[in-house]
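The values are calculated or read from the model by the stated rules, or taken from the named source; none is laboratory data. A quick note: this is a predicted structure, and the numbers were derived from the prediction, not measured. Heads up, the Cβs are rebuilt from the backbone with ideal geometry, glycines too, and the neighbour counts pull from every protein chain shown.
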Amino acid sequence: MLFVIDGVRYMLYEPKTEAEFENLVKEHIAEIFGKDSLYFDIKPDLRSKADISSKPDGIVIVFSSNPCVYIVEYELARHQVYNHVMPQISKFNKSFESHETKGKIIEAIYRGIQKFFIPIQTSLHFAPPAD
């Protein structure tokens, strides 16, 4: 299938695996979520109050006039909506009712941010004032 947008021709392409799709999305985070976004390739284990586990494929923070956090889950079009996709969304939704889950997301983002910075060792030495 061919799409033409603003004179540019696009061909429809369907990734063969979720891993391939994930890599394509990572390459185009700025185009998908905006240039003021930060993608974290982290997969925290989120648990609901009923101890039902779910693992997202990533987290995105969008630093815009209305900042927000997105849980990212990669799914191929061939996956069944009601048997595969909806149960995952339901698990993510239920896990957000838990304060522990919110804490895990914050910790995972914090660890992800730490990877962007190189720790700098500094020591300050003050000389006594000259008499």
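A few remarks follow.
- Listed by first and then second residue, the pairs with beta-carbon distance under 8 Å, at least 6 apart or on different chains, first residue in the stretch 1-19 and within 20 Å of Y74 (Cβ to Cβ), second not in a loop (DSSP other than H, G, I, E, B), are L12/L2; L12/F3; P15/F21; P15/L24.
- Extreme residue, nearest to A19 (Cα to Cα), among residues of the stretch 45-95 that are touching a residue at least 12 places away in the same chain (Cβ under 8 Å) and aromatic (F, W, Y): Y74
- The set of residues from the stretch 51-78 being among the hydrophobic types (A, V, I, L, M, F, W, C) and either under 17 Å from G103 (Cα atoms) or within 11 Å of the chain's Cα centre (by Cα) (or both) comprises I52, I59, V60, I61, V62, C68, V69, I71, V72.
- Number of the condition not met by V72 [criteria: (1) among the aliphatic types (A, V, I, L, M); (2) modelled with pLDDT of 90 or more; (3) closer than 27 Å to Q114 by Cβ]: (2)
- Test: residue in the stretch 35-47 that is among the small types (G, A, S) and over 13 Å from the mean Cα position of the chain (by Cα): no
- Subset of the stretch 1-54 [surrounded by 13 or more Cβ atoms within 10 Å (Cβ to Cβ), over 22 Å from N93 (Cα atoms) and either touching a Ser or Thr at 6+ places or on another chain (Cβ under 7 Å) or of a type in the set (K, R) (or both)]: K26, I29
- Scope the stretch 95-111; condition assigned to a loop (DSSP other than H, G, I, E, B) and out of contact with any strand residue (DSSP E or B) (no Cβ under 9 Å at 6 or more places or on another chain); matching residues: E97
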